[in-house]
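Beneath this line is the structure, given in structure tokens, with notes to follow.
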Amino acid sequence: MNDMIRENLEIVKQNMRDACKKSGRDPESVRLIAVSKTKPVEDVQKAYQCGCRDFGENKVQELVEKYEKMPKDIRWHMIGHLQRNKVKYIVDKVYLIHSVDSVRLAEEISKEAVKKQVTVSVLVEVNVAGEESKFGTTSQEAVSLVEEIAKLPGICVKGLMTIAPYVENAEENRLYFAKLKQIYVDIIHKNIDNVCMEELSMGMTGDYEVAITEGATYIRVGTGIFGERQYNTV
Ligand SMILES: *Cc1c(COP(=O)(O)O)cnc(C)c1O
């Protein structure tokens, strides 16, 4: 049972290599984030033993708990919606915050970063598909949001993130990944001070291969590594 994680990781890594080959990309240019949300620390440890060092969580409390229990060479990625009043708990623990979607949130991150004397790397989350249920700035506002955030101390914009719709056929999301890449290129051309567009965080279990062929530098895979998540419905 416990070898499921090892086997799943091998499958995902093989698929990553295949997608890179198909699109003529260097396999080193795409990094896998193991999304361990809702999963016990034992599962995180197993993936760590298999070589994973990038882990994604979507809740502050869970991230902090796992941070305390796990080795310090892990790069923790905050991938979920972040409330301003919780920013203070993670600014000095996270490697990258993927979910910045407002100036107000960025201001709070900046304030806490300055207080703790760290620089926090962030991605701006864009709701490229325009889904009502999702967080993220609109495609139209993404560039100006990046410009605003870039002015703040203690925070550095490293790229963009999107959560594509849930679809049966991953090909349906190709246009959204291409759209995020286009916004990213537009921002690069603007040469904004304090912005180094390097990362495109896109692609999950159902669609990471398509995301890689469209230029993802980070893919976020949960179910494909750890299996289905159980949510408490009571
Ligand atoms: C849960 C989650 C993932 C992983 O989803 P899977 O479909 O299980 O791979 C990726 N990104 C974000 C933002 C998530 O919340």
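The values are calculated or read from the model by the stated rules, or taken from the named source; none is laboratory data. Being a predicted model, the structure only gives us computed values, none of them experimental. Note that we place each Cβ from the backbone using ideal geometry, even for glycine, and neighbour counts take in every protein chain shown. These area figures cover heavy atoms from the full protein model, side chains too; ligands, DNA and RNA do not enter into them. Shrake-Rupley method; radii C 1.70, N 1.55, O 1.52, S 1.80 Å.
Below is a table of values for the structure above.
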quantity	calculated
Solvent accessible area, Å² - D193, 1.4 Å probe, full protein context	130 Å²
Label point 7 Å beyond Cα of C156 along Cβ direction - residues of region 86-101 with amide nitrogen under 12 Å	96
Accessible area of region 2-226 belonging to carbon and sulfur atoms, whole % at 1.4 Å probe	47 percent
Descending principal axes extents, region 2-226, alpha-carbon based, whole Å	46, 39, 32
K22 paired with E171, simple spin-label distance in nm, labels 7 Å along Cα-to-beta-carbon	1.1 nm
Pair T138, Q14: separation of 7 Å Cα→Cβ label points (nm)	4.5 nm
Per residue solvent-accessible surface (Å²) - region 43-129, probe of 1.4 Å	44 Å²
Per-peptide average of other Cβ atoms within 10 Å, ordering 14-27, 143-156, 195-208 highest first	195-208, 143-156, 14-27
Taking region 2-226 and dividing mean pair separation by its residue count, relative contact order in percent (alpha carbons under 8 Å, at least six apart)	21 percent
